[in-house]
Each structure stands twice: as C-alpha cells, then as structure tokens.
Amino acid sequence: MRPLRLDLAGFTVFREETTVDFTDADFFALVGPTGSGKSTILDAICFALYGTVPRWGGTRGIANALAPSANEARVRLVFDAAGSRYVASRVVRRDGRGNVKTGNAGLQRMPPGFDVSKLDTGMSPEDLGEVLAGTPKEMDEAVVAAVGLPYDQFTSCVVLPQGQFADFLHAKPAARQEILVNLLDLGVYDRVQKSASARASAAEARLAAVDQLLDGLADTDDDTLAATGERVTAMRRLAGEVEAAVPGLADAERATAGAADALAALDVEIAHLDAVRAPADLGAVTGAVATARAGADEAAADVAAAEEREEKLRGEVAAAGDEAALRLLLTAHADRDRLAAEAGALTAGLAGA
C-alpha cells in the first residue's frame with residue numbers, strides 16, 4: 001500500500017483544511033517538534049482505512065478524532081494497492097447531545113491513471129470512480145480486500161504505533177509468519193500446494209482402480225484377450241443398432257400411447273352402453289308400436305286415395321275451361337232466368353190488360 005495524498009480537516013490538531021501530498025515522494029520523513037502533528041498524519045492514514053487508531057484504545061475512542069471545539073472531522077486518503085488506485089474517506093460528527101459518531105464512510109476504486117491533483121477542483125464523490133463500500137460496516141471488508149491486511153496486521157508491520165516498534169520483532173513465529181504471508185501474498189503457494197495435493201490424490205485413486213483391474217486380468221492370455229476384443233466389437237455394433245432403433249422405438253411408444261388413449265375412450269363408451277336397460281313394459285310398447293304402424297299405413301293409403309281424387313277433380317276442372325269464363329256464363333244464365341221471369345210477369349199483365 002502506497003499513500004499518494006492525505007486531506008485533513010478538523011482532525012485532532014489539524015483544525016484547518018490541510019493536504020499532505022506524497023505523489024512524487026519515494027521516501028519521506030516526518031520531522032518537527034513534539035506535538036506538531038507528525039504522529040497524527042500516520043493516525044489519519046490508519047483512521048481513513050480502518051476507522052480507529054491504536055493509541056485511541058479502539059473504536060470507542062473515536063471522539064479523539066475531533067479537533068478541540070470542532071463538531072466535524074473529515075479525512076480522505078488516496079493510495080495505490082495491488083495495481084489499483086483507491087480513495088478512502090471518513091467523516092466524524094458530534095451531535096446535539098455531544099455524542100461523536102462516524103457520519104459517512106466510503107471506499108472507491110478510481111479510474112486507471114487518475115490525477116490526484118484534480119481533487120483540488122472540488123470534484124463530487126460520484127466522479128471519483130467505482131463505489132466499493134458506502135458504510136463503516138462495508139468498509140471493514142472492502143479495505144481488507146484492497147490493502148490485503150486486517151487492522152491488527154496493518155498496525156504491526158505497516159504503521160507501527162509509538163512505543164510498539166518492536167512488537168513485530170517479538171511476536172510469535174506463527175503470528176509473524178501470518179503477517180509476512182499476507183504482506184508478501186505468499187498464500188498463492190499454499191493454494192498451489194493444496195491444488196497439487198488434490199490432483200495427486202485423484203490421480204492416486206485412479207491409479208489404484210487401474211491396478212485393481214490389472215490384478216484381475218493377471219491370468220488373461222492372448223486368446224482370451226482376442227475373444228474379449230471380438231465381444232467388445234460386437235457390443236459396440238449392437239449399441240449402434242440400438243441407437244439407430246431408438247427413434248423408431250420413440251415413434252412406437254407415441255403410437256402406443258395414442259392407441260391407449262383411444263382404447264380408454266372406447267372403454268368409457270362401452271361402460272355407458274352397458275348401463276342401458278330395456279324398459280319393463282317392452283311388450284306393450286311393441287304392440288302399441290305395431291298398432292301405430294298399421295294406423296299409419298291406413299292413413300297413408302287414405303292420403304294416397306285423396307290425392308288421387310284431388311288430381312282427378314283438378315283434371316275435370318281444367319277440362320271445363322277457364323274459370324272466369326264459366327263464372328260469366330253462370331252470371332249470364334242467372335240474368336236470363338231473372339229476365340224470363342220478368343217477361344212472364346209482363347206477359348200475364350198484358351193479357352189481363
């Protein structure tokens with residue numbers, strides 16, 4: 001992890017906004033009188049990443065982050081780690097009751113080659129890159145993933161607290177080994193060893209299975225081997241024939257399923273027909289049907305005779321001539337009879353006269 005820029009405001013002795021630029025420094029030393037803020041710069045780096053400082057005694061000492069009479073402290077750290085550039089920021093505030101809490105915390109991965117001098121232009125957090133964490137709880141895992149070290153190891157081998165410079169040297173071998181493994185990323189060799197062991201175990205299992213098969217074939221001669229080869233060839237040919245017959249089998253299974261459905265439908269119809277029963281008075285019904293049939297036959301004969309007579313009458317009417325002319329003749333005949341009667345009356349009257 002290499003720091004590039006540290007911005008402070010209201011943090012312990014740095015009440016005013018202060019920027020410490022490490023961009024062009026390969027090596028640097030912090031010098032100055034006691035109380036000038038040398039250790040505070042290291043504290044700010046540690047606080048921006050992990051939210052606490054060793055000499056505060058844990059996260060409960062967060063009130064030490066505020067400068068005297070200040071109600072807000074802001075820390076922002078830009079750093080490079082594992083080929084990527086990150087910016088970590090934290091804001092501490094004092095509420096109306098005097099309680100001090102972390103108001104905001106975040107970790108972002110900056111675009112490749114981001115120029116840290118652009119931070120002086122007042123860029124918004126949205127312009128600083130991909131957000132990896134947005135709360136103090138999310139920061140706990142995100143910072144460890146970015147830096148590669150948890151808080152305890154970071155304060156043991158990167159930022160050593162005052163009075164504890166020898167802790168790393170006096171630590172137990174197992175603790176020092178764990179710190180060095182994380183610091184130098186030596187865990188890759190452990191992962192390689194585990195992967196190789198797993199592959200070796202799998203290979204040994206396969207070898208044991210092959211040896212077991214070979215032990216079972218110890219008495220096999222050339223004739224048996226040839227016969228076995230022929231059987232294998234025949235089995236492969238048979239497998240090919242079976243595979244070729246599979247589509248026909250599928251078609252036959254579909255046809256069988258269709259026939260089964262049709263048979264089920266026929267069974268239902270047969271069940272319905274079996275439920276049909278002849279009525280108890282079937283004889284009387286049969287006699288009534290016969291009588292009705294005879295009456296129907298007689299009626300049909302009468303209808304035929306009536307139709308024949310109707311046709312005959314229609315023929316006679318047609319032969320008699322036009323109906324209108326006949327009606328005129330009938331009218332004239334009636335008029336003749338009436339006039340003849342009047343003529344007789346007049347003749348009788350004339351004779352009397």
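The values are calculated or read from the model by the stated rules, or taken from the named source; none is laboratory data. Note that the structure is predicted; figures quoted are calculated from it, not measured. Here the Cβ is made from the backbone with ideal geometry for all residues, glycine too, and neighbour counts use every protein chain on show. SASA here: full protein model, heavy atoms, side chains in, ligands and nucleic acids out. Shrake-Rupley method; radii C 1.70, N 1.55, O 1.52, S 1.80 Å.
Brief remarks follow.
- Pairs, first farther than 21 Å from Val147 by Cα and part of a loop (DSSP other than H, G, I, E, B) in the range 1-27, second of a type in the set (S, T, N, Q) and open to solvent by 90 Å² or more (accessible area, probe 1.4 Å), C-beta under 9 Å, six or more apart: Gly10/Asn71; Arg15/Ser69
- Flag: Leu183 matches the condition of being modelled with pLDDT under 70, open to solvent by 70 Å² or more (accessible area, probe 1.4 Å), within 20 Å of Ile45 (Cα to Cα) and not charged (D, E, K, R).
- Residue tally, condition in a strand (DSSP E or B) and more than 18 Å from Gly148 (Cβ to Cβ), over the range 84-109: 13
- Qualifying residues in the range 84-108 (those that are of a type in the set (Gly, Ala, Ser) and free of Cβ contacts under 8 Å to residues at least 12 places away in the same chain) - the one farthest from Val143 (Cα to Cα): Gly96
- Selection count where residues are closer than 14 Å to Lys101 by Cα and basic (Lys, Arg), scope the range 22-64: 1
- Residue among Ala82, Ala142 that alone is more than 30 Å from Pro68 (Cβ to Cβ) and surrounded by 14 or more Cβ atoms within 10 Å (Cβ to Cβ): Ala142
- Residues being within 23 Å of Leu119 (Cα to Cα) and open to solvent by 30 Å² or more (accessible area, probe 1.4 Å) are entirely absent from the range 55-69.
- Filter pass, Glu130 being among the charged types (D, E, K, R) and surrounded by 14 or more Cβ atoms within 10 Å (Cβ to Cβ): no
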